[in-house]
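Reading through the structure tokens given below for one structure.
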Amino acid sequence: MVKWLKDRYDSEIITYTGNLGQKAELMSIAEKARRTGASKAYIEDLRGEFVRDYVFPALKAGALYEGAYPLATALGRPLLAKHLVEVARKENAAAIAHGCTGKGNDQVRFEVSIGALDPSMKAIAPLREWEFKSREEELAFAKANNIPVAVTVEHPYSIDDNLWGVAVECGVLENPMAEPPADAYQITTAPESAPSTPGYVEIEFEAGIPVALNGVPMDGVQLIETLNEIAGAHGVGRIDLVENRLVGIKSREIYEAPAATVLHAAHRELERITLDRLVFHFKQVVSNEYASLIYNGLWFSPLREAFDSFINKTQEYVTGLVRMKLYKGSVVVVGRSSPYSLYDKSLATYSAEDSFDHKASEGFIKIFGLPLKTISRIRHAEEVIPSQTEEQR
């Protein structure tokens with residue numbers, strides 16, 4: 001893209017790379033950028049900011065797009081857009097270019113975020129403009145210009161990864177009936193090859209944020225990296241999803257998110273014992289809307305800020321410990337405790353310690369069911385009068 005931009009616009013090109021925890025060798029990126037025509041290459045470590053300001057707010061929100069995808073790629077885009085705008089201003093750049101395709105979600109996420117942060121900044125999407133019609137043609141251009149790329153015709157996957165997860169698409173994965181080949185997965189062990197002995201992890205939360213793993217206090221980056229290794233080794237976090245893209249098409253992708261899978265399950269379980277019924281149920285509605293907002297590129301919106309106010313209020317008492325069992329791709333909650341737990345054994349037990357007033361239930365049920373009984377009584381009275389057919393009328 002650098003070579004194409006330099007040729008097409010006859011301009012100075014500056015690259016920016018944010019380290020969100022991806023596995024790629026970042027130092028070689030700067031050398032490659034300069035070798036292909038860039039005058040300057042920025043590389044910044046954004047892992048701490050990514051976890052603190054994007055991942056953990058989404059975790060507290062319980063944001064899983066369409067109930068499954070933990071939004072790893074989607075959460076990284078607004079952060080990258082923020083720093084792209086900052087560097088563009090610093091360098092007096094006339095435009096920001098990105099490498100997203102014309103039918104994906106990321107083009108929306110980048111351009112909407114850039115526009116929200118700097119309405120005067122122009123965005124350029126080479127993949128919507130250039131003459132190449134396929135990945136094969138793009139590979140040929142790269143080869144002709146001596147530009148090394150990791151993608152090959154034999155290994156055609158498009159991979160995006162960061163601390164919170166890996167997204168893989170293209171190639172055989174475009175067939176929804178095809179089982180993902182082993183080489184499509186990047187960070188998780190195949191469940192059938194995972195250890196035959198279950199693994200256990202204990203996660204401590206404070207106000208909805210994970211702060212310790214197996215009794216060891218950790219910052220967010222370290223905790224996620226460690227949990228990715230532990231859970232990934234047990235085959236946890238593989239997601240095969242046909243999802244609804246914002247641009248109106250369905251796409252099949254596979255995701256690997258070991259830490260995200262475990263943390264979302266643990267966080268939700270801690271909410272079950274610390275949130276009252278009305279808040280817990282309404283928060284599920286907000287969780288779905290929050291996930292859609294992130295997926296659709298609306299991070300820098302007043303609605304997200306308003307959601308955060310509600311979510312942060314719900315998290316005040318989401319503090320405690322959750323014990324998880326990891327076994328051959330599955331993750332199961334096996335224990336939970338909190339100093340703010342609303343679980344009262346004397347109310348829940350069926351033993352002699354039971355303190356629940358069973359007799360009070362009779363009156364409660366009569367009042368609770370009264371609307372339905374009233375509807376049935378009135379409608380039944382109307383139904384005893386047979387309706388006339390057209391001929392009778």
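The values are calculated or read from the model by the stated rules, or taken from the named source; none is laboratory data. All values reported here derive from a predicted model rather than from experimental measurement. No Cβ is skipped: glycine too gets one built from the backbone with ideal geometry, and neighbour counts run over all protein chains shown.
Residue pairs whose Cβ atoms lie under 7 Å apart, separated by 6 or more positions or on different chains, with the first residue in the range 268-288 and within 18 Å of residue 67 (Cα to Cα) and touching a residue at least 60 places away in the same chain (Cβ under 8 Å) and the second part of a helix (DSSP H, G or I) and of a type outside the set (Gly, Ala, Ser), are 271/280; 272/280; 283/314; 286/307; 286/310; 286/311.
Residue count for the range 229-249 satisfying the condition of being of a type outside the set (A, V, I, L, M, F, W, C) and within 12 Å of residue 169 (Cβ to Cβ): 3. On the basis of being touching a Ser or Thr at 6+ places or on another chain (Cβ under 8 Å) and in contact (Cβ under 8 Å) with a residue 12 or more places away in the chain, does residue 78 make the cut? Against the criterion (touching a Ser or Thr at 6+ places or on another chain (Cβ under 8 Å) and in contact (Cβ under 8 Å) with a residue 12 or more places away in the chain), residue 78 qualifies.
Screening 12, 44, 25, 31 for residues that are in contact with a strand residue (DSSP E or B) (Cβ under 6 Å, 6 or more places away or on another chain), surrounded by fewer than 17 Cβ atoms within 10 Å (Cβ to Cβ), among the acidic types (Asp, Glu) and assigned by TED's automatic domain parsing to the domain that holds residue 163 leaves exactly one candidate, 44. Of all the criteria given as (1) modelled with pLDDT under 95; (2) within 25 Å of residue 310 (Cβ to Cβ), the one not satisfied by residue 248 is (2). Out of the range 192-248, which residues are among the small types (Gly, Ala, Ser), crowded, with 16+ Cβ neighbours inside 10 Å and assigned to a helix (DSSP H, G or I)? Result: 220, 231, 232, 233. Whenever a residue of the range 10-21 is farther than 16 Å from residue 86 by Cβ, its partners that are polar (S, T, N, Q) and surrounded by fewer than 18 Cβ atoms within 10 Å (Cβ to Cβ), lying with C-beta atoms within less than 8 angstrom and at least six residues away or across chains, give the pairs 12/39; 13/39. Given the criterion surrounded by 11 or more Cβ atoms within 10 Å (Cβ to Cβ) and outside the structural domain of residue 228 (by TED's automatic domain parsing), identify the matching residue among 342, 326, 321, 372. Going through 342, 326, 321, 372 in turn, the sole match is 342.
Contact map, the range 136-147: first residue modelled with pLDDT of 90 or more, second residue part of a helix (DSSP H, G or I) and surrounded by 11 or more Cβ atoms within 10 Å (Cβ to Cβ), Cβ cut-off under 7 Å, separation 6 or more or different chains; pairs are 145/3.
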